[in-house]
1. Just give me the residues in the stretch 228-260 being among the charged types (D, E, K, R) and modelled with pLDDT under 95, in sequence order.
2. Can you tell me which residue among 191, 138 is modelled with pLDDT under 95, exposed (fewer than 15 other Cβ atoms within 10 Å of the Cβ) and touching a Pro at 6+ places or on another chain (Cβ under 8 Å)?
3. Can you pull out every residue in the stretch 26-50 that is touching a helix residue (DSSP H, G or I) at 6+ places or on another chain (Cβ under 8 Å) and not small (Gly, Ala, Ser)?
4. Could you list, in sequence order, the residues of the stretch 21-47 that are in a loop (DSSP other than H, G, I, E, B) and within 16 Å of the ligand (Cβ to nearest atom)?
5. Would you tally the residues in the stretch 9-21 being touching a helix residue (DSSP H, G or I) at 6+ places or on another chain (Cβ under 7 Å) and crowded, with 16+ Cβ neighbours inside 10 Å?
6. Looking at 223, 216, which one is closer than 23 Å to residue 165 by Cβ, of a type in the set (Asp, Glu) and surrounded by 14 or more Cβ atoms within 10 Å (Cβ to Cβ)?
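The values are calculated or read from the model by the stated rules, or taken from the named source; none is laboratory data. No experiment lies behind these values; they were computed from the predicted model shown. All Cβ positions, even for glycine, are placed from backbone atoms using ideal geometry, and neighbour counts span all protein chains on display.
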Amino acid sequence: MNPLVTNDDGVYAPGISILTAALAREGLNPTVVAPDRERSSVGHAITLTRPLRVWPVTGRVYPADVPAYCCDGTPSDCVVLGVDEVAPETDWVISGINNGPNLGDDLTYSGTVSAAMEGTILGRHALAVSLNCHREHEDRRYEDAAEIVIRLLRWVSRSPIPYGVLLNVNIPNLPLAEMKGIKVTRQGKREYADKVTPLTDPFGRAFYWVAGRPEDDLVEGSDVWAVAHGFVSVTPVHMDMTHYDTMALLRDGGVEGEMF
Ligand code: MN
């Protein structure tokens, strides 16, 4: 396996370096191309209006035999450049381990998940992996999460999944022994309450901070439900956003015939 590893927390984040070290220990051939700074919640953006640069990571962040590069673009830029220029032999795009979950409606905002989406668009297998840690968690169990990724990769190497489908994996911030197991889930519902906080700057002008408190609809079988109950959540995600039932509704309602 020749995984291209990226993330949206930046190339120096602990999640990506711990994951990459685990992939190398497993005997895989990872190459890292990741953003030079945090790019969380940039979604699937690619950079078209300025040039992009890629340069080697310095310092002992990655094992010496792992090629590792920074890029001054988005996570999806990293995947495009990684697959097209740096490591054309890439067969898997692995994005993470993100500092925080990517559940429910987070998916389209997430740079982590979008990088995996870019991998599927470029014809590679892809996996996005996020740790369900929160601001109050002092302990971030990236090593345990990396072990889950290794076990999943062993499984998919025996039981291949189709191209065009990525696995969105969310892992509880727990020691391995305290995790309840793995649940195959569907994308759930996560809404953010009090999304906009209006504040005032030192000159008396209003400014706004978009954040909010996640409120999950804990329906059994969903990704939010699984991690809330201590399970690793594995959601197969594909890029076809067509709503097929509504196609029939539009056609049966006559929209194709009535306008012209
Ligand atoms: Mn992030």
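1. Selection gives 240, 251, 252, 256, 258.
2. 191
3. 26, 28, 30, 31, 32, 33, 35, 39, 42, 44, 46, 47
4. Within the stretch 21-47, 36, 37, 38, 39, 40, 41, 42, 43, 44, 45 meet the criteria.
5. 4
6. 223
Each row is one residue, and each column tells you yes or no for (1) over 18 Å from the mean Cα position of the chain (by Cα); (2) closer than 14 Å to residue 68 by Cα; (3) surrounded by fewer than 22 Cβ atoms within 10 Å (Cβ to Cβ).
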position	(1), (2), (3)
23	no, yes, no
37	no, no, yes
43	no, no, yes
47	yes, no, yes
